[in-house]
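The values are calculated or read from the model by the stated rules, or taken from the named source; none is laboratory data. What you see is a predicted model, and the numbers here were worked out from it, not measured in a lab. In this analysis, Cβ positions are derived from the backbone assuming ideal geometry, glycine residues included, and neighbour counts consider all displayed protein chains.
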2 protein chains.
Amino acid sequence: MATLKDVARLACVDVSTVSRALNNTSYVHPDTKARIYAAAKELGYHPNVMAQALRAGRRHTIGVVVPRLHLAIFSEILQGIEEEGRQQGYATLICVTEDNPATEKECLNRLRGGFADGIIIVATGRNGRLLRDIRASGIPVLQLVRKQELRISSVTVDYVSCGYDAVQFLYKKGCRQIGLISGSLHLAPYKERQDGYQKAVRELGLDENYSECSEPVNSFEYGYECAEQLLDENEDLDAIIAAVDIQGLGAIRALTERGAKIGEEVRVVSLTGHAVGGMLETSMTSMEMPAHLMGSKAMRMIVEEIEAPQAQKPGLQHLVLASTLVEREST
Amino acid sequence: MATLKDVARLACVDVSTVSRALNNTSYVHPDTKARIYAAAKELGYHPNVMAQALRAGRRHTIGVVVPRLHLAIFSEILQGIEEEGRQQGYATLICVTEDNPATEKECLNRLRGGFADGIIIVATGRNGRLLRDIRASGIPVLQLVRKQELRISSVTVDYVSCGYDAVQFLYKKGCRQIGLISGSLHLAPYKERQDGYQKAVRELGLDENYSECSEPVNSFEYGYECAEQLLDENEDLDAIIAAVDIQGLGAIRALTERGAKIGEEVRVVSLTGHAVGGMLETSMTSMEMPAHLMGSKAMRMIVEEIEAPQAQKPGLQHLVLASTLVEREST
DNA sequence: CTGAAAGCGCTTACAG
DNA sequence: CTGAAAGCGCTTACAG
């Protein structure tokens with residue numbers, strides 16, 4: 001790769017002049033400029049971003065930590081992040097943790113210390129302290145989807161309303177025995193959706209139907225098992241709410257195998273709204289979270305924080321967006 | 001952030017000694033070492049990766065260019081890339097192009113010139129020349145999934161066999177009127193799958209049934225429309241092959257709406273094998289591509305090329321993996 | 001209008 | 001065993 005020095009030599013000027021000409025950072029005589037441009041072109045010069053970054057103390061890179069990409073809403077969120085980042089001149093570095101705290105820790109430790117100017121974390125497995133450490137060391141950190149640390153800015157969805165609204169909706173459809181398939185209650189999104197469910201069910205004076213399978217996970221199989229269990233325990237069950245779509249797919253599968261008429265005998269709602277819901281034989285009603293928007297908002301917030309002058313950093317911000325109900329055939 | 005200099009000052013030694021101690025790069029007196037470690041710990045020192053990178057001329061970062069992440073096999077591939085990269089000590093930078101050549105070009109231009117030590121490109125929209133340029137400038141480039149440039153290393157699947165095998169499989173199931181839903185024939189994976197289809201159909205003396213909808217895209221709606229068209233044009237159609245899963249979902253949807261018995265009257269096979277296929281009411285048979293493996297292989301190949309001494313660069317390599325048929329209910 | 005110099009934070013021959 | 005110096009490729013006051 002050609003460097004500034006090479007261009008300078010070819011154009012018979014100092015490197016500083018080349019830098020000024022190429023960056024348009026102060027007046028350079030047109031003739032000199034022309035020579036420099038010609039030289040740069042001839043050599044196929046591209047500035048070395050690393051050197052620029054070292055100089056500026058900024059890499060224009062944001063690290064994103066996600067639990068997984070495949071079959072999850074995270075991939076859509078990530079697209080939102082990346083797109084907005086590109087527009088703002090920031091590159092997006094990713095780390096996939098599989099919800100493993102050790103992997104997450106490893107990722108975070110790499111990201112700090114120069115790999116990224118800021119970190120958007122979608123997972124969060126017991127590394128709260130590390131996160132606060134990183135933040136304290138001057139690297140902006142933002143939680144997305146899962147808000148575990150109150151002292152760290154976040155972009156989330158109103159999960160309580162999400163659960164609440166789903167129950168209300170089903171109630172209006174005539175459902176009286178509504179089951180819930182959730183996830184690990186250590187994770188805020190699951191806990192809060194369950195809170196919303198509980199609130200609505202109690203207000204309406206309905207029975208609470210929880211699935212209590214072993215280790216809650218975000219998977220098709222888990223959705224399937226939980227649905228089986230809910231149906232076994234309550235033969236009057238007339239609705240199932242699943243925290244995430246692939247659990248919903250599992251529930252639909254279980255219902256299909258039992259020959260239950262989905263959307264009539266038993267209604268199904270997902271609380272996450274992955275686009276696959278609309279592509280099924282029986283398309284699935286869901287509370288859709290504005291995934292792309294959440295990603296771009298998060299990126300914008302973190303870039304703002306990075307670029308704000310030291311004196312006027314925005315401080316703690318929690319942005320909460322709303323889910324919207326998209327009614328489909330499963331209800 | 002504390003720097004080497006800070007640590008040196010606190011430990012009362014030269015920065016070079018700190019560097020040597022921390023990197024274990026030559027003998028340092030145990031006492032000095034202890035002081036240095038203590039100082040580093042006290043200051044919470046983390047080396048500045050940028051500076052290291054500038055010095056070493058290597059960033060330990062690979063750029064990955066993908067058409068999209070959501071609802072595509074690419075997210076699984078990307079997980080494979082990232083995981084392997086992490087193990088090899090490389091970070092993964094992503095760029096989402098939406099198959100837009102201009103966006104792709106922008107991404108590539110950023111990635112060169114220091115953003116990445118190597119580039120894995122999954123898209124490829126008419127930027128072959130730029131790719132060769134980048135490669136010529138010393139940055140390894142690797143094509144994944146789509147092989148457009150013969151002079152650039154690649155990891156792909158044997159798409160011809162994939163199409164061929166699907167037809168053979170359906171033939172053995174008794175199908176005689178097999179329709180194909182493909183994608184843009186400018187893209188090698190689609191073209192080759194179609195070639196395989198054609199080869200098998202001709203060998204077996206069957207009719208060729210192509211969907212000829214307007215602009216081929218990788219979408220649910222496109223799959224739906226094409227299926228409709230295939231069914232309208234040939235009322236004896238007894239099988240549909242879809243290039244990618246979400247087209248397959250569209251086809252299944254179309255069949256469902258017509259009341260056709262999937263897996264009996266009309267069989268459906270996808271040629272890509274996104275995991276969602278196994279989670280449907282009628283689970284979908286598919287030729288599964290080893291997505292995760294493709295990602296990790298690609299990462300390993302490019303790291304090898306980067307780290308090989310100048311004298312013994314591996315040179316052009318094309319790795320072709322096999323798809324495997326996973327039979328499910330749709331056939 | 002342009003050059004010479006300093007410095008971003010690190011590593012690594014070179015001395016001693 | 002450890003320090004002083006040079007240099008990775010850039011940018012930016014500071015002179016002139």
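Taking segment B:1-32, which residues are closer than 21 Å to residue A:109 by Cα, polar (S, T, N, Q) and within 7 Å of DNA strand C (Cβ to nearest atom)? Result: B:3, B:19, B:23. Residue B:253 meets all of the listed conditions (1) over 25 Å from the mean Cα position of the chain (by Cα); (2) modelled with pLDDT of 95 or more but one, namely (2).
Among the residues of segment A:33-57, the ones that are in contact (Cβ under 8 Å) with a residue 12 or more places away in the chain, within 12 Å of DNA strand C (Cβ to nearest atom) and away from chain B (no Cβ under 14 Å) come to 3 in all.
Residue by residue through segment B:252-276, note down the ones that are within 11 Å of chain A (Cβ to nearest Cβ) and buried (at least 24 other Cβ atoms within 10 Å of the Cβ). Let's see the steps before the verdict.
Going through segment B:252-276, the residues within 11 Å of chain A (Cβ to nearest Cβ) turn out to be B:252-257, B:262, B:274-276.
Within segment B:252-276, B:252, B:255, B:274, B:276 qualify.
Filtering segment A:7-17 for residues that are within 10 Å of DNA strand D (Cβ to nearest atom), within 13 Å of chain B (Cβ to nearest Cβ) and buried (at least 16 other Cβ atoms within 10 Å of the Cβ) leaves an empty set. What residue, among those in segment A:199-223 that are of a type in the set (Phe, Trp, Tyr) and without any contact (Cβ under 8 Å) to a residue 40 or more places away in the chain, is nearest to residue A:70 (Cα to Cα)? So, considering only residues that are of a type in the set (Phe, Trp, Tyr) and without any contact (Cβ under 8 Å) to a residue 40 or more places away in the chain, the one nearest to residue A:70 (Cα to Cα) is A:220. Look through segment B:80-108, keep the residues that are surrounded by fewer than 19 Cβ atoms within 10 Å (Cβ to Cβ) and touching a Pro at 6+ places or on another chain (Cβ under 8 Å), and return whichever of them is nearest to the other protein chains (Cβ to nearest Cβ). Out of the qualifying residues, it is B:98. Residue check: residue B:35 meets all listed conditions (1) within 12 Å of DNA strand D (Cβ to nearest atom); (2) outside any helix (DSSP H, G or I) but one, namely (2).
Within segment B:98-129, how many residues turn out to be more than 16 Å from DNA strand D (Cβ to nearest atom), within 22 Å of residue A:116 (Cα to Cα) and either in contact (Cβ under 8 Å) with a residue 12 or more places away in the chain or not assigned by TED's automatic domain parsing to the domain that holds residue B:303 (or both)? So that I can check it myself, show each step before the final result.
Taking segment B:98-129 as the starting set, the residues that turn out to be more than 16 Å from DNA strand D (Cβ to nearest atom) are B:98-108, B:118-129.
If we keep only those that are within 22 Å of residue A:116 (Cα to Cα) too, we end up with B:106-108, B:118-120.
Filter again for either in contact (Cβ under 8 Å) with a residue 12 or more places away in the chain or not assigned by TED's automatic domain parsing to the domain that holds residue B:303 (or both), leaving B:107-108, B:118-120.
Residues that pass the stated criteria total 5.
Just one residue in the set A:30, A:67 is touching a strand residue (DSSP E or B) at 6+ places or on another chain (Cβ under 8 Å) and away from DNA strand D (no atom under 12 Å from the Cβ); that residue is A:67.
Determine, yes or no, whether residue B:298 is small (Gly, Ala, Ser) and either within 14 Å of chain A (Cβ to nearest Cβ) or free of Cβ contacts under 8 Å to residues at least 40 places away in the same chain (or both).
Details: small (Gly, Ala, Ser): yes; either within 14 Å of chain A (Cβ to nearest Cβ) or free of Cβ contacts under 8 Å to residues at least 40 places away in the same chain (or both): no.
It is false that residue B:298 is small (Gly, Ala, Ser) and either within 14 Å of chain A (Cβ to nearest Cβ) or free of Cβ contacts under 8 Å to residues at least 40 places away in the same chain (or both).
Against the numbered list (1) within 27 Å of the chain's Cα centre (by Cα); (2) surrounded by 20 or more Cβ atoms within 10 Å (Cβ to Cβ); (3) under 17 Å from residue A:280 (Cβ atoms), residue B:194 comes up short only at (3).
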